[in-house]
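To start, the structure itself, in structure tokens.
The values are calculated or read from the model by the stated rules, or taken from the named source; none is laboratory data. The shown structure was predicted, so the numbers you read here are calculated from the model rather than taken from an experiment. Here Cβ is always computed from backbone atoms with ideal geometry, including for glycine, and neighbour counts include all displayed protein chains. Side chains are part of the model used for accessible areas, which takes the heavy atoms of the whole protein and leaves out ligands, DNA and RNA. Shrake-Rupley method; radii C 1.70, N 1.55, O 1.52, S 1.80 Å.
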Amino acid sequence: MSAADGPDGGSAAAPSRQREHWGTRLGFVLAAAGSAVGLGNIWKFPYVTGENGGGAFLIIYLAIIGTLGISILLAELVIGRTAQKNPVGAFRQLGGTRWRVAGWMCVLGAFAILSFYTVIAGWTIAFAVKTASGRLTAPGADTEAIFESFVSDPVWPLLYAAIFMALTVAVVIGGIRRGIERVSLVLMPLLFLILIALVVRAVTLPGAMEGLLFFLAPDFSKVTGGTITAALGQAFFSLSIGMGAMITYGSYLERKAHIAGSAASVVGLDTLVAILAGLIVFPAVFAVGLRPEGGPGLVFVTLPAVFAAMPASAVFGTLFFLLLTIAALTSSISILEPAVAYFVDEHNLKRSRVTILCGVIAFALGIPSSFSLGIWSDYTLFGKGFLDIMDFLTANIMLPAGGFLIALFVGWVMGPRAIEALAPNTALGLWLARLWLYGLRFIAPAAIAWVLISGLI
Ligand code: TRP
């Protein structure tokens with residue numbers, strides 16, 4: 001492989017190009033959990049659950065997370081840790097040049113997701129400011145009108161998106177230990193504290209029981225084929241899998257690092273936060289007599305109305321949107337990192353420069369997403385605006401397709417090598433490891449292909 005190292009003569013052995021690694025196991029687990037826990041859990045999960053019938057969706061979602069989700073997460077970590085490279089380099093090194101395409105799909109997907117993720121994350125900052133000023137929770141405030149007029153504005157949402165992107169870029173420039181790991185070690189515990197405070201408040205609201213029942217009691221009559229597609233897309237998006245983010249985070253693990261246990265912790269934390277978010281949103285929504293099918297505006301429109309009806313409304317409201325911003329930041333850095341790692345590893349470019357450049361490009365790509373809710377709302381395809389299309393294309397098509405390739409890659413190309421990568425230092429028994437590999441060979445690709453194809457028809 002040394003011929004591929006480039007004209008500058010930097011070889012993997014040169015100390016100046018030694019790959020940075022996570023400082024501690026906890027640091028890695030919190031960074032990976034920080035990637036997983038994001039807008040997907042707190043903004044998207046409650047409204048998708050609300051639109052798909054509550055408890056029945058929850059059961060299907062949990063079943064997918066516990067089988068496909070954890071298997072593919074582990075597969076990504078194995079690829080990254082073995083290759084010690086960004087997605088493009090990793091696929092090429094372990095599978096040959098043809099597999100580079102899979103890596104490029106990852107880098108492309110990263111830009112696509114980051115572009116609209118930043119727009120929504122910008123809203124969370126704006127709403128933290130609006131609640132803090134008391135505007136959103138003032139008596140009689142029309143939260144729906146405030147939301148609509150904000151997101152359709154051509155300028156303000158972009159300014160907030162730019163602030164959010166600047167934060168993301170600043171963390172990623174810091175690198176693995178001093179940037180991503182350090183920020184995750186501080187923000188993740190803070191996020192849990194805020195979550196717990198909000199859950200306690202929500203479930204003790206008068207009338208909370210109805211919301212709990214909606215969320216936790218399954219009604220299978222609401223389940224359709226679309227429910228399963230939605231659950232699969234949500235599972236991939238929420239676990240940050242199918243796009244090489246976990247390959248990249250895995251590539252900063254020492255070769256001897258334990259990964260099965262870490263993967264289980266990440267899945268556990270991600271699922272816990274989604275459930276806690278449900279325990280905040282549904283009791284709150286029902287307590288003030290609103291409906292759970294609010295769509296993407298659910299947390300922005302209904303929750304401020306809920307906060308307005310409680311004592312210390314501005315405090316709880318601001319805390320909530322701050323929570324969303326924090327969750328989004330520890331995720332967006334993991335969406336930016338694969339692209340940055342690609343340019344640094346493969347083209348030997350300077351980290352700070354590449355990070356800024358990627359941030360600017362992703363921000364520019366986000367402009368049409370933001371405009372699609374306002375001045376460009378007339379341009380639609382199949383009745384969807386640009387932002388909806390990006391969301392649908394990435395979560396429901398690109399991520400499952402990426403997961404499909406990753407499962408085939410580890411199942412067939414790495415094969416027994418993948419079990420070896422897992423076996424020497426893991427709590428996972430050999431039979432479980434074999435089951436995992438067979439799952440990746442046959443069951444995962446078949447299940448994903450089936451859901452993808454039936455979802456498109
Ligand atoms: N998982 C994050 C969330 O739930 C979003 C995210 C971060 C992501 N990195 C990703 C999604 C990589 C897909 C791929 O909000």
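Here are some notes:
- Only one of the numbered conditions (1) within 16 Å of the ligand (Cβ to nearest atom); (2) modelled with pLDDT of 90 or more is not met by residue 196, and that is (1).
- Looking across segment 220-272, the residues that are in contact with a Leu (Cβ under 6 Å, 6 or more places away or on another chain), assigned to a helix (DSSP H, G or I) and away from the ligand (no atom under 14 Å from the Cβ) come down to 260, 263.
- Note on segment 146-195: residues that are open to solvent by 50 Å² or more (accessible area, probe 1.4 Å) and either in a helix (DSSP H, G or I) or at positive phi (or both) total 17.
- Scanning segment 296-342 for residues that are open to solvent by 10 Å² or more (accessible area, probe 1.4 Å) and free of Cβ contacts under 8 Å to residues at least 24 places away in the same chain yields 309, 311, 312, 315.
- Checked against the criterion of being under 20 Å from residue 212 (Cβ atoms) and within 15 Å of the ligand (Cβ to nearest atom), the candidates 42, 59, 70 yield just one match: 42.
- Search result, residues across segment 108-145 that are open to solvent by less than 20 Å² (accessible area, probe 1.4 Å) and more than 16 Å from the ligand (Cβ to nearest atom): 126, 127, 128, 131, 136, 137, 143
- Selection status of residue 138, outside any helix (DSSP H, G or I) and more than 19 Å from residue 421 (Cα to Cα): yes
- Qualifying residue in segment 369-382 (condition: under 30 Å from residue 55 (Cα atoms) and either not basic (Lys, Arg) or not in a helix (DSSP H, G or I) (or both)): yes
- Residues being within 21 Å of residue 259 (Cα to Cα) and surrounded by fewer than 18 Cβ atoms within 10 Å (Cβ to Cβ) are represented in segment 438-446 by at least one member.
- Selection from segment 212-239 of residues that are within 29 Å of residue 404 (Cα to Cα) and open to solvent by less than 10 Å² (accessible area, probe 1.4 Å): 227, 231, 232, 233, 234, 235, 236, 238, 239
- Subset of segment 386-421 (residues that are open to solvent by less than 20 Å² (accessible area, probe 1.4 Å), in contact with a Pro (Cβ under 9 Å, 6 or more places away or on another chain) and more than 16 Å from the ligand (Cβ to nearest atom)): 411
- The residues listed here are 146, 113; of these, the one that is modelled with pLDDT of 95 or more and among the aliphatic types (A, V, I, L, M) is 113.
- Among the conditions (1) within 19 Å of the chain's Cα centre (by Cα); (2) within 20 Å of residue 316 (Cβ to Cβ); (3) aromatic (Phe, Trp, Tyr), the only one that residue 237 does not satisfy is (2).
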